[in-house]
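Structure record follows, encoded as structure tokens.
The values are calculated or read from the model by the stated rules, or taken from the named source; none is laboratory data. Everything quoted here is computed from the prediction, not taken from an experiment. Ideal geometry is used to build each Cβ from the backbone, glycine not excepted, and the neighbour counts take in all protein chains shown.
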């Protein structure tokens, strides 16, 4: 039945149509599928703006890495592959539990949904915890860009265990200064990613609350589904950040 | 008639957990691969391998975790257009940086 026939039949028919549809169907949509499609479409448009946002940072990284290649290689040796890999595993696992959560919501399994959301929540917190360990290491070594930035690891690599292990040679002063550009990009990119994680975790907390009340297991799964899209998107950003920041300069010693 | 067909196309597809498990395992394997590859000296192919694996992982996530494989044509077109625009912008930026100094040395 289309809107026009409903209008033609007048107020009485409209009242009847009111009873026929589920409570969560908004009146400007024809049916539940159309409403879900519109919400998914809008979510994707939002994610595309996010792609452009992070894309700009990735492009900046690409260009600066080409300009200041030796500095970027030496600076990336300061990151610990172990923590990076562990974080990748945590995030992939959280994406998996989130996907399972969406499935639980679709098949109306309330306990399963709450469990999946809680697991996703914990894994997300775990990711941020490891990020904290990594950041504090950078702060201790004065690798945070700014007034207290230290070039010691790059001018005298033998004094730094990580640089020594990677076999770094001392950089000339002007090139060593460009390691600050690497760390600026490192902190902006991982920081913006972490900010998205924090927002996601906050929404997860809210969703756990609502899921326990049975909000998403009565047929209306749009919110869980769209949050799933957001969470997977954040995962994809990390899938690119991890190799670019941690991995690709392992062997590139100049 | 067409209404009926459109309805079916837009109908919600529930992806089974078995697919999620396979995708999860594939992502773990690719993560292992990319870390392993970074320990092998391959010269210029180190970053190429790393980014290629990252792209494969991203595509898997988009298609299955994000349900694009099972979504409406509108969603598929939206995702494709977004990625296409993004790559175009990166391509034009890089073309600028590569060619800026041409003929000046």
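Of all residues in the range A:160-199, those being over 20 Å from residue A:249 (Cβ atoms), in contact with a helix residue (DSSP H, G or I) (Cβ under 8 Å, 6 or more places away or on another chain) and surrounded by fewer than 20 Cβ atoms within 10 Å (Cβ to Cβ) number 5. Applying the set (1) surrounded by 16 or more Cβ atoms within 10 Å (Cβ to Cβ); (2) modelled with pLDDT of 95 or more to residue B:10 leaves exactly one unmet item: (2). Farther than 16 Å from residue A:222 by Cα, more than 10 Å from chain B (Cβ to nearest Cβ) and either free of Cβ contacts under 8 Å to residues at least 60 places away in the same chain or in contact with a helix residue (DSSP H, G or I) (Cβ under 6 Å, 6 or more places away or on another chain) (or both) - does that describe any residue in the range A:96-107? Looking through the range A:96-107, none of the residues is farther than 16 Å from residue A:222 by Cα, more than 10 Å from chain B (Cβ to nearest Cβ) and either free of Cβ contacts under 8 Å to residues at least 60 places away in the same chain or in contact with a helix residue (DSSP H, G or I) (Cβ under 6 Å, 6 or more places away or on another chain) (or both).
When A:228, A:214 are screened for being more than 8 Å from every other protein chain (Cβ to nearest Cβ) and either in contact (Cβ under 8 Å) with a residue 12 or more places away in the chain or surrounded by 21 or more Cβ atoms within 10 Å (Cβ to Cβ) (or both), only A:214 passes. Considering (1) in contact (Cβ under 8 Å) with a residue 12 or more places away in the chain; (2) more than 8 Å from chain A (Cβ to nearest Cβ), the lone condition that residue B:54 does not fulfil carries the number (2). I'd like to check something: does the range B:27-40 contain any residue that is in contact (Cβ under 8 Å) with a residue 24 or more places away in the chain, surrounded by 16 or more Cβ atoms within 10 Å (Cβ to Cβ) and either more than 7 Å from chain A (Cβ to nearest Cβ) or in contact with a strand residue (DSSP E or B) (Cβ under 7 Å, 6 or more places away or on another chain) (or both)? Yes, the range B:27-40 has at least one match. Checked against (1) touching a residue at least 60 places away in the same chain (Cβ under 8 Å); (2) within 11 Å of chain B (Cβ to nearest Cβ); (3) in contact with a helix residue (DSSP H, G or I) (Cβ under 6 Å, 6 or more places away or on another chain), residue A:75 passes all but condition (2). Does residue A:57 qualify as being farther than 20 Å from residue A:124 by Cα, more than 9 Å from chain B (Cβ to nearest Cβ) and surrounded by fewer than 18 Cβ atoms within 10 Å (Cβ to Cβ)? Yes: the conditions hold for residue A:57.
Candidates are the residues of the range A:63-72 that are part of a helix (DSSP H, G or I) and crowded, with 18+ Cβ neighbours inside 10 Å; the one that is nearest to the other protein chains (Cβ to nearest Cβ) is A:65. Looking across the range A:236-254, the residues that are in a helix (DSSP H, G or I), touching a residue at least 24 places away in the same chain (Cβ under 8 Å) and farther than 16 Å from residue A:44 by Cβ come down to A:238, A:239, A:240, A:241, A:242, A:244, A:245, A:246, A:247. Counting only helices (runs of 4 or more DSSP H) that sit wholly inside the range A:139-229, those with at least 3 residues that are within 27 Å of the chain's Cα centre (by Cα), modelled with pLDDT of 95 or more and in the same structural domain as residue A:242 (by TED's automatic domain parsing) are A:179-212.
Which members of the range B:82-95 meet the condition of being closer than 16 Å to residue A:45 by Cβ and surrounded by 13 or more Cβ atoms within 10 Å (Cβ to Cβ)? Listed by number, the residues that qualify are B:82, B:83, B:85, B:86.
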